[in-house]
Structures are given as structure tokens and as C-alpha cells.
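Visitor: Before I ask anything, here is the structure I am working with.
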Amino acid sequence: MHDLLKGIWIVLWIFTLLGVLSLIPLDKYERKYVNELRRVKSEPQRRVDATYRYIEAVEEGNEDISNGIFSDPPAKYYDNYDYNNSAKYPLEKVKENKYSRPLYIRDKYNPKILYPYPRSRWY
């Protein structure tokens, strides 16, 4: 009988602890976590896009290269995305980057032959 009461109290304490844990307000932490996760995941792509913008500016002559070309693009070429407003992200129409797909693909056996890149309906 004593073991049965001890088991009931243990189960009661476990459910009490789970109930207390369920009262923790995770909603306000969840949004910050998701925003930080999006920021961390998108950082490499932001850097690549900034590098492409920097290269285009150098090619067009808009950037001063008298001191040389930087390995890291300057901060003005990075996008400023508001991660706190996560509802804005899916509603914006994403402009396709012109470097996202190749124009031509080389032949597997003869590298001098170029084929147009197939445009599938998924792109």
C-alpha cells in the first residue's frame, strides 16, 4: 500500500511539474528565436548577393578601386532586412537574381559545345 501511494505521489509531482512548465510564456521567445534563426540561415546568401552587387559596381565603374578590390563587400551592398517583421517576408515578391541559373551548360564529352540551360516549369 505504501508503494502504491508513493507511486501516485511521484506521478502527481511529474504532472505538476509538466503543468508548471506549460505555463512558461514561450510565444514571446519563439518569435525572437525564429527571427534569429532566419537571420543566421540567410547570412551566407546575403553575403553572396552583396558580393555580386559589389562586383557589378566595380564592373560599371561606380566603385573606386584605386586602393584595390576588397575581398569582403562594403556594408552598403548588403540588404537591410527587417527580421522582426516576419509577416512581411512571405508577402514580398522575390526578384530573381540573374546569377541564380546558368544560361548554358557544357556538353559532358566535348566542353566546346554549349547547350541552352533547360527552363523547367519549377523555376
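The values are calculated or read from the model by the stated rules, or taken from the named source; none is laboratory data. In this text, all values refer to a predicted model and were calculated from it rather than measured experimentally. So basically every Cβ, Gly included, is an ideal-geometry build from the backbone, and we count neighbours across all protein chains shown. Each accessible area value is taken on the protein alone, full model and side chains, heavy atoms only, with ligands, DNA and RNA left out. Shrake-Rupley method; radii C 1.70, N 1.55, O 1.52, S 1.80 Å.
Visitor: Taking the condition of being aliphatic (A, V, I, L, M) and not in a helix (DSSP H, G or I), how many residues in region 11-48 meet it?
Guide: The qualifying residues number 3.
Visitor: May I pose another question? Evaluate region 60-80: report whether one residue or more is open to solvent by 100 Å² or more (accessible area, probe 1.4 Å), among the β-branched types (Val, Ile, Thr), at pLDDT below 80 and part of a loop (DSSP other than H, G, I, E, B).
Guide: Taking every residue of region 60-80 in turn, none turns out to be open to solvent by 100 Å² or more (accessible area, probe 1.4 Å), among the β-branched types (Val, Ile, Thr), at pLDDT below 80 and part of a loop (DSSP other than H, G, I, E, B).
Visitor: I've got another one for you. Could you check region 45-80 and list, in sequence order, the residues that are basic (Lys, Arg) and within 17 Å of residue 98 (Cα to Cα)?
Guide: Within region 45-80, 46, 47, 53 meet the criteria.
Visitor: Can you tell me which condition residue 51 does not meet? The list is (1) surrounded by 10 or more Cβ atoms within 10 Å (Cβ to Cβ); (2) at pLDDT below 90; (3) among the polar types (S, T, N, Q); (4) within 30 Å of residue 119 (Cβ to Cβ), and all the others hold.
Guide: Every condition holds for residue 51 apart from (2).
Visitor: Between a residue in region 39-55 that is under 11 Å from residue 72 (Cα atoms) and any residue that is part of a helix (DSSP H, G or I) and open to solvent by less than 80 Å² (accessible area, probe 1.4 Å), which pairs come within a Cβ distance under 7 Å, given they are 6 or more apart or on different chains?
Guide: Short answer, once both residue conditions are applied: 50/77; 54/77.
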